Structures are given as C-alpha cells and as structure tokens.
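What follows is a single structure, written as structure tokens, with notes after it.
Please treat every number below as a calculation from the coordinates, not as lab data. What you see is a predicted model, and the numbers here were worked out from it, not measured in a lab. We place every Cβ from the backbone using ideal geometry, glycine too, and count neighbours over all the protein chains shown.
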Amino acid sequence: MPASINDKVSILIVDDEPSVGDALRLVLESRGYEVVLVTKGMEGIDQARQRRFGFSVVDLFLNDISGLEVISGIRQLQPQTPILLITAHGGPQVLAEAKKLGACAALAKPFRPAEILKIIAAKVGGPSDASS
C-alpha cells in the first residue's frame, strides 16, 4: 500500500555519508519512489514520527546514535514499515541484533543499486517493478 498521498511509495534513508545517501536517493527517485534523506539518526526517528513511510534504509554507524537505535525507534512508531540495515562494518552478531529489532534485511557496503531495488520491490512492490 502506498505510503503517501500521491500514490508513490515513500522511503526514508538515514545515512551520514553524503555519497551513499545521495546516490541512493537518485536511484530510488529515478524509479519513482518519493525519498526523504536525513543524515542523523534522531532526524530519522523524528521523520518517522511526522509521517508514514513504506520502507526505510538505515546505516548502522551514524554520527549521533546507532543505526540499531534508529531501527528500534522506527519500529516502535511504524511497526509495519520494512527496514533495511546497510553497513560497511558489521559482523553476524550485529546483523542478528538488527533483525531482532525489526530489520527485514541487511546489505554490506558497497552494494549494487539492483540489490537494494530488489529488496524494496520484494517488500513493497512499486515503481522498481515498472519499466518507466
């Protein structure tokens, strides 16, 4: 079910690396998704408090709080929103903790755009399935 009034799936990206966040935003917007990009974990939780998202992408290591805390915060506010953890550093214990907190999947950086599009499409469908 779309998460915004204009029938676009709305995606929250929480990543403090501008190159990663901007690249993700461009890829997702080019596929017709509506994207909100923030660089701090608390901003991500605040955004989840203000509006409903169809999907969230959260980096593990952020400048203010842990991505695990962000996942927990989003999950409390939006229990049905699928959350993808992305990380350049994270062993099996961290990934297990992320899934325990509610992440539907995890991707190691660097990842290919096709990988993230496949995960999003599997969870919410939407524009990445379309040939627009």
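May I ask you to say which residue of 115, 69 is assigned to a helix (DSSP H, G or I), farther than 18 Å from residue 38 by Cβ and either of a type in the set (Asp, Glu) or under 12 Å from the mean Cα position of the chain (by Cα) (or both)?
Numbers: 69 fails: farther than 18 Å from residue 38 by Cβ.
Residue meeting the stated conditions: 115.
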Filter result (surrounded by 14 or more Cβ atoms within 10 Å (Cβ to Cβ), in contact (Cβ under 8 Å) with a residue 24 or more places away in the chain and not basic (Lys, Arg)) within the stretch 83-110 | 83, 84, 85, 86, 87, 90, 94, 97, 98, 101, 102, 103
Matching residues in the stretch 9-59 (in a helix (DSSP H, G or I), touching a residue at least 60 places away in the same chain (Cβ under 8 Å) and not hydrophobic (A, V, I, L, M, F, W, C)) number 0
With the condition kept exactly as written, say whether any residue in the stretch 102-112 is in a helix (DSSP H, G or I) and over 20 Å from residue 23 (Cβ atoms).
-> no
Hits in the stretch 24-50 - residues which are buried (at least 16 other Cβ atoms within 10 Å of the Cβ), acidic (Asp, Glu) and more than 22 Å from residue 118 (Cα to Cα) | 43
